[in-house]
Amino acid sequence: MKKKLTKFQDLSLEEKKEVLNWRNHPEIRKWMLDKNKISLKNHLNFIENLKEDKIYLKVEDLGVINFKILGQKAELGLHKNPEKNKVGKILLNEAIEYAFNKLNAKKIILYVFGDNIKAINLYKKFGFIEIDKKDNIIKMELKKDNYENR
């Protein structure tokens with residue numbers, strides 16, 4: 001079932017605070033490159049200054065998907081609402097559909113910590129393959145053609 005996706009710029013202040021609370025939650029923060037807590041001021045400033053090549057979407061009360069557009073590639077990031085369980089498949093499905101159908105990306109790239117086994121297994125179930133590894137960070141990709149023909 002299609003979920004409602006809302007651009008960060010279109011969120012109410014309360015919704016922006018809700019997303020910030022998710023991002024700052026220890027269970028979410030531990031999987032981020034920048035593990036520092038983010039202030040409300042910095043969060044609001046970040047949203048206000050988003051460029052066209054960066055798209056951040058709140059997926060109902062389930063979590064966040066975001067993209068950095070790199071030509072015909074979309075670099076994907078996502079995190080769930082820490083109060084929700086078993087929403088990774090929903091978030092990833094929404095992200096893939098958005099990247100391929102709305103952004104017309106030919107390829108999705110993502111990065112994941114090598115010890116985030118749950119996330120890696122989920123990405124593999126959707127057809128992502130490992131293409132590089134540096135230190136503890138794995139780069140994975142999903143090509144549109146491979147996704148549509150599986």
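Counting neighbouring Cβ atoms within 10 Å and putting the fewest first, the residues Arg150, Arg29 line up as Arg150, Arg29. Within the chain, antiparallel bridges make up roughly 90 percent of the DSSP beta bridges whose residues both belong there. Here the simple spin-label model places points 7 Å from the Cα toward Cβ, and for Asn45 and Glu27 these points are separated by 3.1 nm. Modelled spin labels at Lys125 and Lys37, positioned 7 Å past Cα toward Cβ, are 3.3 nm from each other. In this structure, the residue pairs whose Cα-Cα separation is over 25 Å, taken from Lys35/Lys134; Lys51/Lys134; Lys68/Lys118; Lys41/Lys107, are Lys51/Lys134; Lys41/Lys107. For Leu103 and Glu18, the difference between the fully extended length at 0.36 nm per residue and the C-alpha to C-alpha distance is 28.0 nm. Checking the Cα-Cα distances for Lys58/Lys89; Lys7/Lys80; Lys73/Lys124; Lys7/Lys133; Lys37/Lys80 against a 21 Å cut-off, the pairs over it are Lys7/Lys133. Estimated at 0.36 nm per residue, the fully extended path between Asp132 and Tyr111 surpasses their Cα-Cα distance by 6.6 nm.
Restricting the GluC sites (Glu not before Pro) of segment 1-89 to loop positions (DSSP other than H, G, I, E, B) with no more than 16 neighbouring Cβ atoms within 10 Å leaves Glu52, Glu60, Glu83.
Computed from the coordinates by the stated procedures, all read-outs in this text should not be read as laboratory data. Keep in mind that this is a model prediction, so the values were computed, not measured. As a convention, Cβ positions derive from the backbone with ideal geometry for all residues, glycine included, and neighbour counts pool all protein chains shown.
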